[in-house]
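Worksheet: the structure to be examined is printed underneath.
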Amino acid sequence: MIELEGVPELVDPVMVAAFEGWNDAGDAASAALDHLDQAWKGEVFAALDAEEYYDFQVNRPLMWLDGGVRRITWPTTRLSVVRVSAEAGNGRARDLVLVRGVEPSMRWRTFCNEILAFAHELGVEMVVMLGALLGDTPHTRPVPVSSVTSDDKLARSLNVEESRYEGPTGVVGVLQEACAHAGVPAVSLWAGVPHYVSQPPNPKATLALLHALEDLLGLSVPLGDLTEDARAWQLGVDQLAADDSEVAEYVQSLEEAKDTADLPEASGEAIAREFERYLPSMRWRTFCNEILAFAHELGVEMVVMLG
């Protein structure tokens, strides 16, 4: 049993976690945790034993000078707690337990079980994991953020997507499944980062994750300079793209694909609604004109009819 000394009794705590590595394109997720920790003056109360989970040839320790004294910072995962005021919590004061670390090199199941033991000891009501992955998303459009859970009831109550992902995963995915098996409500927020500008930092993706967290938990996070940093980042990438015609052309193609995918006419549900609206009334000419309008808007080159 974990014994925590010096940690005050928490109010409606939610655990928010992010890990550097495969789950953290552009350092967007870990930067979001850092922002929360700094904005609300987090206090570290626990750290996992680095020897248990990290290969130091992969994640090397850092040497630094502290007033002339040489010290080493070991890669690990630390837990801190921040108090969200009633004003920032939309009338409800509560605590956030922040889990900030590096994706472990080994013993992932034991690692996740240790995180869950902290959650149980602290009375955590829900775990929210932040992640960011590279994708075909243009930097000029709003950052796509997916909210997913493995719990069908939680998906309905919070209006988030139930995960159907199959494929390689990182510690965020493993921790989410560990939460599901332990009966702990858990949601993952994933930001899409343009793969052609993947180097950190990416304040625009960090900002998008924080906005998604605000919506999920009903918070108002102090953003400080982050909004301006995100705007400056986009302007900088705009300039880089403008200086390279191939990049500019590629970005334009991503924009067109994104805009077409976002058209309400392009969704299967919209098309189904049109069928339901026109077929019973037998307005065949109007019906056909509507289908042709869809085809024109989507740039269809040929129509094939099956009978």
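The values are calculated or read from the model by the stated rules, or taken from the named source; none is laboratory data. These numbers were taken from a predicted model, which means no experiment stands behind them. Ideal geometry is used to build each Cβ from the backbone, glycine not excepted, and the neighbour counts take in all protein chains shown. Areas reflect the complete protein model, heavy atoms only, side chains present, ligands, DNA and RNA absent. Shrake-Rupley method; radii C 1.70, N 1.55, O 1.52, S 1.80 Å.
Here region 118-192 exposes an accessible surface that is 50 percent carbon and sulfur, computed with a 1.4 Å probe and the other protein chains kept in place. For region 1-73, applying the loop criterion from DSSP together with a ceiling of 14 other beta carbons within 10 Å to the trypsin sites (Lys or Arg not before Pro) yields Lys41. Against the empirical 2.2 N^0.38 Å (N residues), region 128-233 has a Cα radius of gyration ratio of 1.12.
For region 20-95, the ratio of Cα radius of gyration to the globular rule of thumb 2.2 N^0.38 Å stands at 1.39.
The mean sequence separation of alpha-carbon pairs under 8 Å and at least six residues apart, normalised by the residue count of the chain, gives a relative contact order of 20 percent. Sites listed here are trypsin sites (Lys or Arg not before Pro) in region 131-167 whose DSSP assignment is loop and whose Cβ has at most 11 other Cβ atoms within 10 Å: Arg164.
Loop-located chymotrypsin sites (Phe, Trp or Tyr not before Pro) in region 107-183 (DSSP state other than H, G, I, E, B) with a sparse environment of at most 16 neighbouring Cβ atoms within 10 Å: Tyr165. By a 1.4 Å probe calculation restricted to protein chains, Leu292 has an accessible surface near 110 Å², given to the nearest 10.
Computed with every protein chain present, the accessible area of Ser198 is close to 40 Å² [probe 1.4 Å]. For the chain, modelled as a GNM whose springs connect Cα atoms under 10 angstrom apart, the maximal fluctuation among Ala230, Ala242, Ala191 occurs at Ala242. Computed from the coordinates I sent, P(r) over Cα pairs in 20 Å bins from 0, in percent equals one of [x] 27, 50, 19, 3, 0; [y] 33, 62, 6, 0; [z] 24, 44, 28, 5, 0. Tell me the label. Label [x] holds the value from this structure.
Surface exposure of the chain, expressed per residue as accessible area with a 1.4 Å probe, stands at 57 Å². In the chain, the longest principal axis of the Cα atoms and the axis of helix 268-278 are about 30 degrees apart.
Bridging of Lys204 to lysines at a Cα separation below 25 Å is possible for Lys41, Lys258, once same-chain residues fewer than 8 apart are set aside.
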